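Below: the structure, in structure tokens.
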Amino acid sequence: MPTVSDRSFHREGASFLRSPEGMLLRRLALVLASYTIVRVVFFIDHRANFDETPAATLALAFVRGLRFDLSAIVYSNIPFILLSLAPAALLARRWYARIVQGVFVAVNAAAAIVMVGDVGYYPFTGTRVTMDVFALTGEATAQFGQLMVNFAGLATVAVMLALSMLLLYPRHPVDTRPAVRGRLRAALGVVVVLLCTVVAARGGLQKKPLKPIHAFASGQHEVGVLTLNSAFTLIHSPRDRKLAPVQYFADDREVEALLRAPYGLPAASEREAGRPQNVMLLILESFGTEYWGGDDREVAGLTPFLDSLAGEGIFLTNSFANGRRSMDALPSMLVGVPLYSGRSIAVSSYQQNEWRGLGHFLGEAGYHASMFHGAPRGTMFFDAIAAMAGIGDFYPLERFPSDLRSDAFDGSWGLFDEPALQFVARELSTHREPWFSTAFTISTHHPYTVPPEHVGSLPSGPRPIHQNVAYVDLAVRRFFETARTQPWFENTLFIITGDHTAPMRSDRYDTVLGRYMVPVLLYHPTRPLPPVSPARVTQHVDLFATILDFAGVRPPRLPLFGRSVFSSAPGEAVLAADETYWMVRAEGVVERQPDGRERVVAYERERTGRVLASLEPELSRQLSQRLLAYVQHYTMSMINNSFYRGPAGRTASAVPDRRPGGY
């Protein structure tokens with residue numbers, strides 16, 4: 001039988017829940033529940049990422065995630081919290097209560113929609129959403145309809161959570177009886193709420209406020225991502241992010257000595273006279289190694305033509321993209337600058353730096369530079385990136401023939417690849433030789449449509465993209481059939497690669513390194529290329545140096561991230577995500593965590609990370625030093641705008657070898 005004290009305790013508890021502080025707590029608890037639901041949805045949708053993660057570690061990620069949830073909830077609900085601290089008599093007025101409710105629903109419904117949307121966006125980036133996403137609002141708006149259809153499950157969850165903010169909002173009237181709401185007690189309640197708000201926003205009482213980096217204390221990237229929430233990362237990623245200076249080495253000359261690598265071919269001035277060679281860079285959208293070049297493909301036979309072409313050139317399958325998005329891949333290849341931290345240079349606060357790319361350097365050597373992309377101008381900032389790279393002859397959708405624009409539009413992004421590449425092959429015959437040209441395909445992009453005449457006639461597999469991979473192989477085959485009839489074909493080096501991996505990968509490739517693995521093929525129809533080991537570790541930024549090396553162009557000062565594949569220097573790749581870096585070499589992979597901890601694992605292609613490696617101490621030290629040198633070179637050159645400037649801050653004045661060449 002309840003005692004008098006029990007009944008008194010229950011009355012006090014019920015009274016507190018009806019008080020302004022109690023109602024505020026109940027309403028924020030509803031938001032916290034929605035954040036937890038989104039984390040569960042994220043885990044379920046990406047459960048393959050956690051197959052080898054112990055259950056205790058996963059449980060701890062959910063518990064630790066509450067700190068990040070509370071911080072994000074408090075930050076985003078500051079207006080609502082302040083409105084909720086008004087005098088009880090005002091809170092009881094219907095018009096004021098509606099304002100408070102409206103602010104609550106607007107803020108938290110929007111947060112729920114963004115967080116659920118990021119569950120679907122995560123496979124494209126491998127990290128939680130940041131303010132960078134707002135640079136792509138135009139593309140998202142244009143694709144809104146197909147995104148709702150193809151992500152119907154997540155869209156339903158987002159709508160349900162948004163509606164729950166309205167339908168489950170606690171509406172019980174605030175208890176304003178004087179016995180309960182004395183002035184002193186009311187003032188004390190406000191003070192307590194404000195103190196709790198500050199503590200929750202900081203993530204606790206520790207010396208430094210909570211930041212995204214603190215989610216990765218476990219040393220496992222995927223667990224850190226699960227711990228975070230998208231609202232928190234948005235709040236902590238201002239749109240105009242600046243890089244923080246670093247100084248691992250006192251002298252820039254020491255950095256340059258560590259990173260500078262020799263070219264592998266003679267400069268143009270040292271070669272025998274001959275017809276200069278063209279260079280064609282063909283970038284295939286979302287074309288990962290798991291589709292072309294992988295050891296254990298989920299579906300065999302999707303790329304018969306590309307497989308046959310690989311046997312006639314230098315096919316590098318230990319190769320990596322330097323980013324997870326198209327707008328990250330292009331600067332790596334065309335400007336020679338990968339994405340290590342911050343935002344893609346096309347939309348970063350450093351976009352006004354001095355940038356010089358292949359169009360500039362090859363143009364000075366007599367090359368005509370062009371780029372083709374069968375999507376509307378402005379898509380993914382490709383036109384801006386081309387301009388940064390010195391490519392003035394840019395072909396967006398609007399410059400393709402009108403009949404193609406009307407008959408070959410895929411309904412979402414732009415032109416189907418087969419007719420688009422046919423136009424490219426013929427249009428290049430109108431360009432002055434020698435030329436450098438980039439063509440970027442789009443047909444392996446979500447929502448994965450193919451021309452009606454090919455539906456049901458192409459090889460396919462369990463994933464929607466598989467049919468499109470087969471279609472792109474067909475498009476490339478027909479491109480080469482047409483190219484062989486053009487006057488420029490026999491004097492052209494073809495380089496084919498993927499821009500990044502697809503968002504929906506097989507379990508085998510849904511790993512730290514597998515998410516970056518894209519094939520690279522170098523093919524020349526008439527000239528034998530220098531021997532290159534097919535096992536060489538390569539990265540996108542190496543293609544920048546390789547193209548300059550092949551053309552015999554030697555600019556006096558360049559970003560030092562890439563190595564020509566023809567160079568005698570060992571191949572390597574540097575990958576980065578959420579302030580974690582991986583230095584990839586055939587001998588082993590050095591992983592550097594945000595807090596500076598390092599470990600070395602054996603290189604096992606896409607399965608890397610399972611086995612610890614034991615490198616010679618000197619080699620381990622060298623790799624660690626090289627990684628730090630890359631980070632310092634990237635960070636300080638961005639900040640100081642000094643990629644092309646000497647120690648005195650002046651642009652290097654040496655005259656490069658500008659005669660067009662070609663091995």
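The values are calculated or read from the model by the stated rules, or taken from the named source; none is laboratory data. The structure presented is a predicted model; accordingly, all values stated were derived computationally and were not measured. When we count neighbours, we look across all protein chains shown, and the Cβ atoms used for this are built from the backbone with ideal geometry, even at glycine. All accessible areas refer to the heavy atoms of the entire protein, side chains included, with ligands and DNA or RNA removed. Shrake-Rupley method; radii C 1.70, N 1.55, O 1.52, S 1.80 Å.
Add +1 for every Lys or Arg and -1 for every Asp or Glu among the other residues with Cβ under 11 Å from the Cβ of Val537, and state the total.
Net local charge, Val537 excluded: +1.
I'd like to know how the chain sits against the 2.2 N^0.38 Å rule of thumb: what's its Cα Rg over that expected value?
That works out to 1.08 for the chain.
Classify region 519-645: rounded, prolate or oblate, from the alpha-carbon gyration tensor (a ≥ b ≥ c, eigenvalue square roots; a/c under 1.5 rounded; otherwise prolate if a/b is larger than b/c)?
oblate
Specify whether the C-alpha gyration tensor of region 485-581 places it in the rounded, prolate or oblate class, a ≥ b ≥ c being the square roots of the eigenvalues: rounded for a/c under 1.5, otherwise prolate if a/b is larger than b/c and oblate if not.
oblate
Could you state the number of Å between the C-alpha centres of region 332-371 and region 385-441?
19
Decide, for region 460-512, between rounded, prolate and oblate: order the square roots of the alpha carbon gyration tensor eigenvalues as a ≥ b ≥ c, take rounded if a/c falls under 1.5, and otherwise choose prolate if a/b is larger than b/c, else oblate.
It comes out oblate by the Cα gyration axes.
In percent, what relative contact order does region 299-394 have, based on Cα pairs under 8 Å that are 6 or more apart in sequence?
Taking the mean separation of contacting Cα pairs over the length of region 299-394, I get 25 percent.
Mind pulling the per residue volume of the convex hull built on the Cα atoms of region 251-341? Å³ is fine.
Value for region 251-341: 179 Å³ per residue.
Counting only protein heavy atoms and using a 1.4 Å probe, what share of the accessible area of the chain belongs to carbon plus sulfur, as a whole percent?
Carbon-and-sulfur percentage of accessible area, whole number: 59.
What ranking, highest mean first, results for peptides 44-55, 107-118 when packing means the other Cβ atoms within 10 Å averaged over each residue?
For the peptides 44-55, 107-118, the packing ranking is 107-118, 44-55.
Counting pairs of alpha carbon atoms under 8 Å apart in space and at least six apart in sequence, what relative contact order in percent does region 550-590 give?
22
Which peptide among 504-511, 399-406, 621-628 comes first, and what is the full order, when sorted by highest mean count of other Cβ atoms within 10 Å?
Sorting 504-511, 399-406, 621-628 by mean packing, highest first, produces 504-511, 621-628, 399-406.
If a helix is a whole DSSP H run, which ones in the chain reach 27 Å or further along their own axis (Cα) and hold a mean Kyte-Doolittle hydropathy of at least 1.6?
Correct list, ordered by number: 183-202.
Ser402 to Ala86: FRET efficiency via 1/(1 + (r/R0)^6), r the Cβ-Cβ distance, R0 56 Å, to the nearest 0.05?
0.35
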